[in-house]
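Q: To start, I am sharing the structure in question, which I have written as structure tokens.
Just so it is clear, none of the values below were taken in a lab; they were calculated from the coordinates. All figures in this text were calculated on a predicted structure; none of them were measured in a lab. Neighbour counts run over all protein chains shown; Cβ positions are idealised from the backbone, glycine included.
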């Protein structure tokens, strides 16, 4: 790749080559170009030298140099203009700071309107040009171990296991906010011991269930689908019993060699004077600890030369889809479609996805995708102060979580607009949660769909689960909530606080003053202001919700001030206006959701070369009335989901 | 050899505190393996590393005087009874926990560097990398002496969603033990699971014939998966092959354990009581985890343990000692006296639990002395002052005599910025694993040796 980049740096040549390859109908176009990262466009370099650098020299470098690094930003010490221009995230931030007038600080020399306009225009055109030059790539997806949820769901669907063995497994580490990241999911000796024990338990459970005196009829069994008729038929019966299970467990047709290795256990059991059924039990154990079961294996094409990327095969695609939508293995219908090559057909693919989203197993998206996207999984460890919030007990905690799960599920199952996540006129409540919200007319502990006043409730921002996990044990935090919105709704996370955060001078602010007044101090401090001007106002909009999501109009003795003004000048008062402000830029939210879902589904972090994929997904979702299924379909159809990067042997 | 009565008393005392269901465990392989211990004169060195998050109120940690004649400051007071068995080491530092151009993320770096001395790669997951940790270097060399090469424990399972520390994968904050530079060893937080792993569970109460058969099947299954793995390797690219190495390593470790089980005969009737789940009360929970480590050392199940008293950046509220705010939140006290007082309470509370561990090791006979005489236990944090996030002059206690190799009862002041990793070179040497370098080490520490 590196080599290619050098050769192809000259733009006209690159275009030529592209055209040539297109004519040849060759799919290698995307790879021949390489990522645009360090591949700066000559016009940009000139403009950087003649326009941007002199501008920054005059207005920026005095603080943003390698020694001072105000706000953790150094704009000066790039080795070459190409490297500088390649840092797109940086220019995005610079652009915002300049455009919204947050930089340069007021007490510093200010650029003229004309200067500013020129620089902003250049940054915008550079961004545009860079985006256009980017070509999508599949990216590196590391082989994924089943995480705890996937393991539980898979053994449930594979063998009808009614218990959840993975609850005893150690927690899975997460990266990019999700526990589906192949490179982060490790396997320790301790976990392997647990896999062995779980396999024994599961296989024995199947054995007891299906061979006991009260066992189900043959047609309703998962494994023992043929009665063996004496020793003569044992080998063929074992094959008949095991082959379908192994196919589902490995999520592809097993090879003859693989089958023989497993069938060997049946013979081994007989040699040890155990029964045929016990032999099957041991074979199941072996299957359940095989790497073919525990990992989602995708083969690496054998490379000699040329383009190493390939379309994932039909079985691999089926697994990608089913673990994305169900956190579980493909079912028979999906495996069959894969086997018959039907998933290549857009219509079949769309129908399969629609079918899978309607299936109750799609609750996995609410529990595992949304649980991590919206962070309400942290409800399990949320710890509000019992003295301040005495009504927060286990049933209420569980009800809060359930509200968000049911709400998410309604959007999936009814194929609603994803914009409903931000604002909707309904939610799901039981008596205790309704009581917590101050909503009348809901009785009993069962959940029901309730129409709500959008000025107070409706949409995830108003749900107690989210409001609780973004609070401290004793109080709300507009900062945590603002950061949460930037991360999870707008995909514009603030940069981390610089290493040496200057302390808020507490002497200046009366500690009994409202939180808001204390936070104002942030913004009188220059190095805090640039980020907190974006963070805090969003959190202020949610100040009517206390640290466990109940509605309030005062905080202690202070009336709530729920107004906020964003750096770009848009202002709002209260949660209803906050919601409509967020919905003014629908695509920002849809893009954020698409990013999160893509990370979750692919099992890797996103790279600059994924930008065009996201652009396309957002455009298509908008064209399809923001339907949930459209988002899912576009992700499944996207290049990184359909393709796999080949890895050369010498890397 | 441990006598039967000794064994009974120690075990019962340990687990009586536990709440919940009691399980009778008539036969224990694990106890059996403890029996043929090395002869008393050559007791092995045990190593434990105990981690506390978010730094400390360093003024209330550091004794005013150095040498042997010092008063224990407020936070260290609980160590009073064990004063002669500990050293307070000041000035040790982890340069590689600093930003070094990587911006925020001091918490993630603090835990990742603590036992590795290596500056971790800032990544949310694509290329996790720190360094092999001191406990794992020891485990690689000494692990074959015991059923378990090492034990990794925690009192706080990691965060369940969201980001742990700006731009760093949660793997960095949740583990201090690293088996290789790319593979953290996640700790176990469920005391029952730890217990069953070490000493077997009720379901393993099988007759010898059934047990033998099961072991045989297990052996065949492991052979099968190794064969399977070999074939699989041929079809994978380099990255996935490296991933599969984790699997291979895990399988080999289990094979070795089965072999070591075969070396020891089963012992008779020991009854233990095990709590069903982690105790709610923090002190009870932490002490149970310490008990498990002490017991694992005593019975020679392992000689190496790491223990995170909470994950780095932990925001636990220690209501047990009247602290309602989250630990991380209030550690940024910004000079607020009330918050400083709360942090001090937490620091001392953690120390009380550690003191319990040290006293327990001291009370446990081991060969020609106590278990503490034959141990080296580090207690500390990768952050010095939680408010400032600095990584120099870290709070560090070293307890235990390393079989007469370390002289205790002192406050040793090292020059500030002395690499913490230097301490690990001393420890590895005393454990019989002389090592030239670890992380940013520059050579062994002076003044520790008793000879």
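Q: Go through B:225-235, A:94-104, B:207-217, B:173-183 and give me the packing order, highest mean Cβ count within 10 Å leading.
A: Packing proxy ranking, top to bottom: B:173-183, A:94-104, B:225-235, B:207-217.
Q: If you don't mind, there's one more thing I want to ask. For segment A:544-610 and segment B:117-154, write down the distance between their C-alpha centroids in whole Å.
A: Cα centroid to Cα centroid, the span is 39 Å.
Q: Moving on to the next point. Going by a ≥ b ≥ c, the root eigenvalues of the Cα gyration tensor, does segment A:187-296 fall in the rounded group (a/c under 1.5), the prolate group (a/b larger than b/c) or the oblate group?
A: In terms of gyration-tensor shape, prolate.
Q: In percent, how large is the relative contact order of segment A:370-584, given Cα pairs closer than 8 Å and 6 or more residues apart?
A: 20 percent
Q: Another question, if that's okay. How high is the relative contact order of chain A, in percent, counting Cα pairs under 8 Å that sit 6 or more residues apart?
A: Relative contact order for chain A comes out at 16 percent.
Q: Right, next: What angle do you read, to the nearest 10 degrees and between 0 and 90, between the alpha-carbon axis of helix A:314-326 and the longest principal axis of chain A?
A: For A:314-326 against chain A, the angle is about 60 degrees.
Q: Counting other beta carbons within 10 Å of each Cβ, put A:332, A:359, A:205 in order, fewest first.
A: Ascending Cβ contact count within 10 Å gives the list A:332, A:359, A:205.
Q: Sticking with this one: Averaged over peptide A:178-186, how many Cβ atoms belonging to another chain are found within 10 Å of each residue's Cβ?
A: 6
Q: Now, a different point. Averaged across A:290-301, how many Cβ atoms of other chains sit within 10 Å of each residue's Cβ atom?
A: 5
Q: Next question, about the same structure. Distance from the Cα centre of segment A:447-487 to that of segment A:124-173, in angstrom?
A: Centre-to-centre (Cα) distance: 27 Å.
Q: Follow-up. Antiparallel as a % of all DSSP beta bridges within the protein assembly as shown, to the nearest 5?
A: Here the share of antiparallel DSSP bridges comes out near 60 percent.
Q: Give the order of A:393, A:440, A:546, B:124 when sorted by the count of other beta carbons within 10 angstrom, beginning with the fewest.
A: A:440, A:393, A:546, B:124
Q: What does the convex hull of the Cα atoms come to per residue for the protein assembly as shown, in Å³?
A: Measuring per residue, one finds 181 Å³ for the Cα hull of the protein assembly as shown.
Q: Another question about this same structure. Can you put A:437, B:424, A:426 in order, fewest other beta carbons within 10 Å first?
A: In order of increasing Cβ crowding within 10 Å: A:426, A:437, B:424.
Q: How would segment A:370-584 be classified by its alpha-carbon gyration tensor: rounded, prolate or oblate, with rounded meaning a/c under 1.5 and the a/b versus b/c comparison settling the rest?
A: prolate
Q: Please compute the average number of Cβ atoms from other chains found within 10 Å of each residue's Cβ in peptide B:117-123.
A: Across the residues of B:117-123, the mean count of other-chain Cβ atoms within 10 Å is 1.
Q: In what sequence, highest mean first, do A:527-534, A:248-255, A:380-387 appear when ranked by Cβ atoms within 10 angstrom?
A: Descending packing order for the listed peptides: A:527-534, A:248-255, A:380-387.
Q: Shifting gears a bit: If one takes the longest principal axis of the Cα atoms in chain A, at what angle in degrees, from 0 to 90 and to the nearest 10, does the Cα axis of helix A:256-271 lie?
A: 50 degrees
Q: In whole Å, what is the distance between the alpha-carbon centres of segment A:269-283 and segment B:208-251?
A: 20 Å
Q: Note the angle between two axes, namely the Cα long axis of helix A:628-637 and the longest principal axis of the Cα atoms of chain A, as a number of degrees from 0 to 90, rounded to the nearest 10.
A: 70 degrees
Q: Given Cα pairs under 8 Å that are at least 6 residues apart, what percent is the relative contact order of segment A:35-133?
A: Rounded, it is 34 percent for segment A:35-133.
Q: Using a ≥ b ≥ c from the Cα gyration tensor of chain A (square roots of the eigenvalues), is it rounded, prolate or oblate, where a/c under 1.5 gives rounded and otherwise the larger of a/b and b/c decides, a/b for prolate?
A: Oblate is the answer for chain A, as a/c is 1.5 or above yet b/c matches or exceeds a/b.
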